[in-house]
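Asks: Take this structure, written in structure tokens, and hold onto it; I'll ask about it next.
The values are calculated or read from the model by the stated rules, or taken from the named source; none is laboratory data. Not measured: the values here are computed from a predicted model. So basically every Cβ, Gly included, is an ideal-geometry build from the backbone, and we count neighbours across all protein chains shown. Surface areas here come from the heavy atoms of the whole protein model, side chains and all, with no ligands, DNA or RNA. Shrake-Rupley method; radii C 1.70, N 1.55, O 1.52, S 1.80 Å.
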Amino acid sequence: VCRQQTGQHQAALEAFQKAQAAGAPARIVGYNLAAVYASMGQTDKAMEQLSEAVKQGFSQPEQMESDPDLQSIRGDARFGALLEQARRNQTPCTYSSERRQFDFWLGDWDVVATRTGAAAGTSHIERALGDCVIWENWSSLGSSYSGKSYNTYNANLKRWEQFWVDNVGGMVHFYGELKGGIMDFYTDDVPQADGTKLRRHLQFFNLGKDKVRQFSQKSADGGKTWTVEYDLTYNRKK
């Protein structure tokens with residue numbers, strides 16, 4: 001029986017090693033190699049392969065916890081750390097400090113004009129898509145106007161981007177960064193129907209856990225001069 005199991009283990013190792021050489025995903029091959037080595041009682045090799053699998057993005061902690069072939073290594077102190085990292089791999093945005101920079105805008109808000117205090121609208125803002133997106137849902141008061149924005153950190157370009165869309169066909173693309181506690185967005189010079197080009201500058205000021213100021217300016221001369229487009233204050237609903 002032992003010789004038969006040894007033969008099965010060897011065949012499995014060879015199969016997964018061939019898959020690895022053929023370019024199969026390292027996170028999948030590494031996990032399966034770890035399971036085989038653990039079943040063979042070779043703890044160090046199992047942990048080495050499992051560590052590499054998790055490093056390469058393996059993200060199924062439930063499978064790690066329930067896999068009978070990994071039973072022999074669950075008591076290893078290193079296993080718990082790898083299990084936690086696998087959980088983090090499931091939702092990497094949750095644990096990214098850059099992607100948490102805009103969390104001060106999350107919540108349900110009553111929105112007023114900053115200067116007059118007149119009610120302007122309501123907004124519900126939440127995390128979405130594995131915490132990778134800050135999703136805004138805006139409704140104006142006194143009209144049927146509504147819109148949504150999708151805000152995410154672009155790790156390749158090292159910047160935040162916002163895509164605004166509304167119920168009258170509008171779409172605006174902003175990009176920027178958190179500077180001095182202010183989320184600072186700009187647009188490119190966008191052609192308008194009248195032949196001019198419009199650039200926007202949008203800022204979000206974190207005024208504490210229950211208040212955010214949203215300030216928008218526009219320029220028709222490439223940023224030489226600016227005029228206020230709107231100035232709003234978000235007050236967290238109680």
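Asks: Answer with yes or no whether Leu50 is among the hydrophobic types (A, V, I, L, M, F, W, C), free of Cβ contacts under 8 Å to residues at least 24 places away in the same chain, more than 28 Å from Lys158 (Cα to Cα) and touching a helix residue (DSSP H, G or I) at 6+ places or on another chain (Cβ under 9 Å).
Replies: no
Asks: If the requirement is being in a loop (DSSP other than H, G, I, E, B) and hydroxyl-bearing (Ser, Thr, Tyr), which of these qualifies: Thr233, Thr225?
Replies: Answer to the selection: Thr225.
Asks: With respect to the numbered conditions (1) part of a loop (DSSP other than H, G, I, E, B); (2) under 26 Å from the mean Cα position of the chain (by Cα); (3) within 16 Å of Leu13 (Cβ to Cβ), which one is the sole condition not fulfilled by Phe58?
Replies: The failed condition is (3).
Asks: Answer yes or no as to whether Gly117 is loosely packed, with under 15 Cβ neighbours inside 10 Å, more than 15 Å from the chain's Cα centre (by Cα) and not in a helix (DSSP H, G or I).
Replies: Against the criterion (loosely packed, with under 15 Cβ neighbours inside 10 Å, more than 15 Å from the chain's Cα centre (by Cα) and not in a helix (DSSP H, G or I)), Gly117 qualifies.
Asks: Still on this structure, please answer the following. Select from the stretch 7-30 the residues that are open to solvent by 40 Å² or more (accessible area, probe 1.4 Å) and assigned to a loop (DSSP other than H, G, I, E, B) and write down the one among them that is farthest from Ala53 (Cα to Cα).
Replies: Ranking the candidates gives Ala22 first.
Asks: Something else now. If you check Phe163 against the conditions, is it modelled with pLDDT of 95 or more, among the hydrophobic types (A, V, I, L, M, F, W, C), assigned to a strand (DSSP E or B) and buried (at least 17 other Cβ atoms within 10 Å of the Cβ)?
Replies: no
Asks: Only one of these conditions is not met by Thr187: (1) open to solvent by 40 Å² or more (accessible area, probe 1.4 Å); (2) in contact with a Lys or Arg (Cβ under 6 Å, 6 or more places away or on another chain). Which number is it?
Replies: Among (1) open to solvent by 40 Å² or more (accessible area, probe 1.4 Å); (2) in contact with a Lys or Arg (Cβ under 6 Å, 6 or more places away or on another chain), the lone unmet condition for Thr187 is (1).
Asks: Given the criteria open to solvent by 40 Å² or more (accessible area, probe 1.4 Å) and either hydroxyl-bearing (Ser, Thr, Tyr) or closer than 30 Å to Thr91 by Cα (or both), does Asn235 qualify?
Replies: Criteria met by Asn235.
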